[in-house]
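The numbers here are math on the coordinates, done by the rules we state, and not lab data. All figures in this text were calculated on a predicted structure; none of them were measured in a lab. Here the Cβ is made from the backbone with ideal geometry for all residues, glycine too, and neighbour counts use every protein chain on show.
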Amino acid sequence: MSDDLKNNDSAPTSPFEVAESDKVSADSDFTEMASAAGLRIESPDGSDPFELDDQAALGPVRTEGDDLTVMLLLSPHPAATIVRKAGAEAREVEGVEAVLFSEDLGKDLNRLMPWRPDDPILAEDEVLYCGQPIAIIVGKTTAACREARDKIEVDYHNAPGILSIDHAMAMQSFHGPPREVTRGDSNAVFAKSTPDTVFEGTFAISGQLPGVRPPGVRINFRPGERAINVEVRTESPARVRAAVAAAFKLPESEVTIVALPLENSGTVSEMEAALIAVLAATAAMRCRWSVRLRLDAKETALLLGRRHAANASFKIAHDAKGRILAADLRIALDAGYTVSDSETVLDRAILHSDSAYFIPDFTVKGQLCKTSSVTSANLPAEGVAQGTWVMEEIVSRLAIRLRIPVEKIREANFYRDKAGQNSTHYGQPVNSGAINRVWTQARRRSGYDERSKAIAKWNRKNASFKRGIGLVPMKVGIGDPRSERNEGTAQVQIMNDGSIRVHPGVVDVFDGLNTQIQHDVAVSFGIPIGQISVFTGNPETTPHMTARLGVDTTGLVLKAVADACKTIQERLRTVALQMLAARGNMEIELEAIRFGGGHVGIGEVSAGRSLTFTELIDGAFRRRVNLTQIGFFRAPNLWWDREVGAGWPFSGYAYGAAVVEVQIDAFTGEIDVMRVDLVHEGSPAPDQADRDEAQFMRAFAQGQGWLLSEPNRASDDPDSFLTTGDEGIPGLSDAPIQIEIDRLRPMGELSAVPGAPCSEAPVVLAMAVREAIRDAISAFSGRKSVNIDISIPASPPEILMTLRDVSRQISEMEKARRYEAEANAVPNTRAPQT
Amino acid sequence: MQSWFTFELNGAECRVDGVATNKTLAQFLADRGTWPEGPCFAPTDSWAGGDLVLLATIDAVGRPKYRAVDATLLFLPMMAGQDIWTWEAFCLMDPGHTVVRAMRAASLECGPRAEARLGLLLVEGYYRQDLRWMGQLREQLDGIVTRTANWRAIERVARQIFAKAERMRHEAEQIAQASGVGKLIQQGRLDVFDDIFSRHLVAYYPEDDEDLSYVDESKRRFYRPKTLVELLQLKNQYPDAEVIAGGTGMGQTAGKSEWETLISTEDVEELRVIRKEPNHWEIGAAVTLTSVGETVGRDVGPLGKLLSRFASRAVRNRATLGGNLAIAATYGQIAPLLIALDARVHLTSLEGERDAPMAMFFDRGGKSILRPGEVIRSISVPRFTESILEKRGSQSRLCDAYMVTLRRSLCEPLMTGAFAVELAADGTVKKAWIAYSGVSDRPLRARKAEKELVGRKWNEKAIMQVLPSVNQEIKIEDDRGNDDYRRQLVITLFQKFYFQHPKVADDVAVELGAASEFAHPEQPFFDALALGDKSVL
């Protein structure tokens, strides 16, 4: 057969040539091509195709020449009309296989997801955001692709675009209707209040670009196979699979995803990975060969979503003691050009906008803004942080306004253990005891009161350096408001030698989950940890993988593992019963059989009352007992109705508190984070302290980076995304000098407590850093009631500007006071003369 | 010319044939599939910490050292004849190594790349003889930049490892003193750790090869001469050739830029030495910043302080003082301090030698006065001992430098200010230096303000009086952003200098912040007197 192929001159001998001919027929049907690909058997040099398969079986061939390279042409403008696209010259470049524009794909195939008509893969007539892909270039080498990319001509007719939330609000450019959650009637309270008990303001949270490593995609497309194989790095492989399948109208069962572990959590999240995968897959399908797409640092920065920037405006009514009686909050989030995950992020922001406080009459309105920027991403604690921070900011400003210590105001507003005062604005009950516990624990363990005094004393002696301390509580809902996401799967396989292999249904992000699973499985079967191997999630064994984001992924997966272990244990118990009975132990209760110390049974091995684990597995294998089980867990009774604004969206809450002490250098605005005390509820297991601690630290570090140093880039300037020296991800040198962690056992019934909700929640606690900065700046101002507007990120330039602003306010206040004093003094002095 | 070379990769000879001169070691290893994640994914951006390898080398005083270096900034031909290890191979080679065991035992929970980075920095620190105090810990590990690090566990592990190293060295020293081989420990030629890598290091001598002259497939050349004369001849022969030192600057564009001819200064004997003369330090242009910090930095406090925050440990292990000056980056953070230290730079070419004060070395438009065919030979930094000061008619000298960055390490500085004053016995200023970089196209001196300061008493009033001149002279003339901020820094950095050095008599900086309350920088990792530290491995 191979001879036939070789001798047949008229038949195309290389897939590259096929691609050439396909390129001409721009509107050829892709689905046909995809299925037709199954019939073609070709290899690059026309040799025996089966040789290629043999080689493939040995492992992927990974040399430069083998895969085709895919490169993208990205739009340099945030908004523009495309007047002309010309790729003829680029297609002539030697080594270039294809140059594809949206027209080459056809209207029908140029959709990331069929149900999202406003989400094209390649820009059509209009550019929707800066960095939008315009063309796909496929070539044999990177150099050829680059040359072709330079030769593509695109004429843009620039449009202004919508670049900020304010602009979007003014233009009424929104995604979907506004969302609202209301309790009581805040307007009635405002109507009754006097002006000095009503307080209004605005607060903006910037949406930073997470520090990312350039993602890559490899599409293994073997001529002769119908299925497509995608090697990708993503939080949510199921989503990528759905997108790739939808893009090619393939059944999902034909798309194989190889989910590579993610080094940093919060790198490539869901929609971006889907987009990149679909772009690469398009190239692979068109050229019928394996391709590789690797974005460089700048492209990565342009294409990957940033955090949701938020603008909040608020109006509150309070009493003289600082209790908030009513609040009206409006939160606008920058969703980017399309919604992707933003609806849930908005939900989370609304659901967390009470922070840990009971507000009797409460209205929150949320709106998603449509802007000319890349779609905003779902990153750890996305939405949760924005919502909580808005409320914490309000409380903090209220304290300055009333000149009451901020911790007193916080305490006065906590949820209380009284009917009607212990449930959120959407109706889910809150454990007020848990809030009080973490709060008092944090205050006591950190020595908050003594340290505040010591700091005040220190500040009096130091003119150019000031220290500040901040204390914030935290209440974070466990779970994703999309109730379908609150499920976990895991596959547990027991091998014939008694070793166990686990494939959890999530991508490995090196957050310690694997160690935790290893430990849990070892305990439940009573065998050494070394016998358990945990691999990164495999979408083939556990296809419905839980997305890595959402506050309770770890908990769900651990429960799923426990479920699988329990099922297998039950099967093994029966086997053990039979085997022990065969040894003469007739009166054993099934439930009495225990797993422990490498043995299974009810007592001494020597007495024949127990079996070794290996023995048991061998017996089970001989008795044809299924030793592979997929465990499943779903968080029960969750629902959230976005339209009505009510529900029971969370399995429960994770509670925590943090105390942070910082020091500000007034010469440069540099901030030192001196000490951090974290109090947080961890997983119920006492021996998970290290793992929990690792998760606390990782999450807190992310929050600190967001608030302190990671730069906020302009969404209309591609050059501002260059990742060079202005990188702001905190390093070890920026870490808090002293860190104390207090891990609490969750309150309440253990079975009802979710696993370990600490992988995302502590992001929120970084607000304490901001509070401490505010405290330090207020020390510079002599604790006067001035407006301290700290921007996010609070980088040294911003801090210095804030200090300048504060001193300006003070001098104006002084001036006003002097003027007033003079004005008062004037009549007295002049009186005798007139 | 040769079209191939070899180097030791993970203990085995690795032959390179015709590979492009601008290819980085990281790229080469990635293509070989040597990185943990295979070749499909790019090496890490050097600004994000890079991908490190362990390089055996000889330091400025001839001791063998392991250095963690960033493979994304190393051109492959630089590796000719060198000896490098990757973290993966290190773990396979010696799974029982202290560092490997300590890292496995701790819940660091980082991915393979971050683990490799941390592991190699810890290995370097483990074999470092001068890593003794808590204050040095962040300096050693400042290359760890990740948004998801368990900072606390990292510090704990590092402390354990370095304490163990100290203890073993201490014990070996006590035994060695008895047997009279104490000197060998100082020279790094006695195995005190008793592990494979320690033995490997103790026996390490650089290959005494001929000069390297390598040509790749596209006829691009890479030269690594052994003597200064050869270097200058090559430079003459190829006027367009690029001189490359540590490569940490050019490495950032590796793969994107191409150079016809590269001439490395790495092996040039004359450029690799640091000499302590009675009146000054003579620092060879090709000495790495780590070596400068370990020798001159100990003596000249501000230089040590500044270098400890230069980029990151892995970059300092390759970057050279000459290279840093030669590229004349507008934000170059060392130049202002060298100006304040009254340093001179010595240039050499086939025509002869010349030297210039540091401030005169930089020219308009981000250039230097280096002529074609000329290279920096050395930088001389005066030593201000009492007798030398006396000769200059002063009693004391105050000097410091401040670098402002958005994050502490691995960051291009926004601005650097360096200041010095020489004071007579009565507290009047005899001479002053006020220098900034990151404000214009070259480092600037506020000469008018310096003159105004002379003759005044060193006090706050004097500072306030010269500040308007400083403000007038130092203008923000580039477009690197944050203009307002930098304009303010021009003033406040100088003020900070006064506040930190208000005393006339001695140059002991006042601690302005309260960091030491929390950090305990002077606390040793291992205290021989405090017996029985249980946390030690």
How far, in degrees from 0 to 90, does helix A:513-525 lean away from the longest principal axis of the Cα atoms of chain A, to the nearest 10?
70
Within chain A, helix-based [θ] at 222 nm, where runs of 4 or more DSSP H residues each add -39,500 (n - 2.57), nearest 500
-11000 deg cm²/dmol
Taking the Cα of A:Lys566, stepping 7 Å toward and past its beta carbon, and measuring to each backbone N in segment A:572-590: which are under 16 Å?
A:572-573
Sequence-distant or interchain residues sharing an amide H contact under 5 Å with A:Ile478, placed H: which?
A:Ser651, A:Gly652, A:Tyr653, A:Ala654
Distance in nm between pseudo-label sites at A:Val605 and B:Val61 (7 Å out along the Cβ direction from Cα)
5.8
Give me the Debye-computed log₁₀ of I(q)/I(0) at q = 0.15, 0.20 Å⁻¹ for segment A:487-634, equal point scatterers on Cα only, no solvent, two decimals.
-0.72, -1.11
One would report the Cα pair-distance distribution of segment A:77-165, bin width 10 Å, in %, as 18, 42, 33, 8, 0
Scalar couplings 3J(HN,Hα) for segment A:472-484 by Karplus 6.51 cos²θ - 1.76 cosθ + 1.60 (θ = phi - 60°), nearest whole Hz, x for Gly and Pro, are 10, x, 8, 9, 10, x, 8, x, 10, x, 6, 4, 5
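Count the DSSP beta bridges whose two residues both fall in segment B:4-202, then state the antiparallel fraction as a percent rounded to the nearest 5.
90
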Can you give the calculated 222 nm mean residue ellipticity of chain B, where each DSSP H run of n ≥ 4 adds -39,500 (n - 2.57) and the sum is split over every residue, rounded to the nearest 500 deg cm²/dmol?
-9500 deg cm²/dmol
Over the Cα atoms of segment B:273-519, compute the convex hull volume and normalise it per residue, giving Å³.
132
Near A:Lys815, which lysines are there with a Cα under 19 Å away, not counting those fewer than 8 places off in the same chain?
A:Lys784
Segment A:535-640: which trypsin sites (Lys or Arg not before Pro) are DSSP loop and have at most 11 other beta-carbon atoms within 10 angstrom?
A:Arg624
How big is the dipole moment of the protein assembly as shown about its Cα centre under a simple scheme where the beta carbon of each Lys and Arg is +1, that of each Asp and Glu is -1, and everything else is neutral? Debye, nearest 20, please.
5340
Three-way shape call for segment B:4-202 based on the alpha-carbon gyration tensor, with the a/c threshold at 1.5
oblate
Fraction of beta bridges assigned by DSSP in chain A that are antiparallel (%, nearest 5):
80
Quickly work out the A:Arg323-to-B:Leu350 label distance, labels modelled 7 Å from Cα along the C-beta direction, and quote it in nm with one decimal.
9.0
Counting other C-beta atoms within 10 Å, and keeping those with at most 11, which DSSP coil trypsin sites (Lys or Arg not before Pro) do you find in segment B:348-433?
B:Arg364
Can you tell which of B:Ala158, B:Ala176, B:Leu74 lies farthest toward the positive end of the dipole of chain B, using +1 and -1 charges on the Cβ of basic and acidic side chains (Lys, Arg; Asp, Glu)?
B:Ala158
Would you mind checking the tilt of helix A:384-402 against the longest principal axis of the Cα atoms of chain A, expressed as 0 to 90 degrees and rounded to 10?
10
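For B:109-121, what's the mean count of beta carbons from other chains sitting within 10 Å of each residue's beta carbon? Could the numbers behind the result be given before it?
Numbers: counts 15, 7, 11, 3, 4, 3, 2, 0, 0, 1, 0, 0, 1.
Averaged over the peptide's residues, the number is 4.
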For chain A, the Cα convex hull volume per residue in Å³ comes to 199
Residues of segment A:353-372 with amide nitrogen under 18 Å from the 7 Å Cα-to-Cβ point of A:Gln172?
A:366-371
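Return the inverse of the average 1/r over all pairs of distinct C-alpha atoms in segment B:411-469, which is the Kirkwood hydrodynamic radius, in Å to one decimal.
12.2
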With angles folded into 0 to 90 degrees, how steeply does helix A:237-248 sit against the dominant principal axis of chain A? Use alpha carbons for both and round to 10.
60
Which distance in Å, rounded to a whole number, links the C-alpha centroids of segment B:250-269 and segment A:514-584?
53
Length gain on complete extension for the stretch B:Lys183 to B:Ile388, per 0.36 nm per residue less the alpha carbon to alpha carbon distance?
70.6 nm
FRET E, pair A:Glu814, A:Arg416, Förster distance 45 Å, beta-carbon r, rounded to 0.05:
0.60
For chain A, whose charge dipole is built from +1 on Lys and Arg Cβ atoms and -1 on Asp and Glu Cβ atoms, the candidate among A:Ser193, A:Phe632, A:Cys287 with its Cα farthest towards the positive end is A:Ser193
So for R0 = 41 Å, FRET eff. of B:Ile175-B:Arg32 from the Cβ-Cβ r, to 0.05, ends up at 0.45
Going through segment A:393-431, which trypsin sites (Lys or Arg not before Pro) have at most 12 other Cβ atoms within 10 Å and a DSSP loop state?
A:Arg403, A:Lys418
Estimated FRET transfer efficiency (B:Arg104, B:Lys461; beta-carbon r; R0 51 Å; 0.05):
0.25
Just the Cα atoms of chain B, one point each, no solvent: what log10 I(q)/I(0) does Debye give at q = 0.05, 0.08, 0.13 Å⁻¹?
-0.21, -0.54, -1.40
Would you be so kind as to identify which of B:Ile84, B:Thr24, B:Gln140 lies farthest towards the positive end of the dipole of segment B:4-202, taking Lys and Arg as +1 and Asp and Glu as -1 on Cβ and the Cα centre as origin?
B:Gln140
Assuming 0.692 mPa s and 37 °C, estimate D for segment B:212-269 with Stokes-Einstein, Rh taken as the Kirkwood radius over Cα pairs, in µm²/s.
282
Nitroxide proxy distance, nm - points 7 Å out along Cα→Cβ at A:Ala456 and B:Gln472:
4.6
Of all C-alpha pairs within segment A:563-640, those more than 15 angstrom apart amount in percent to 57
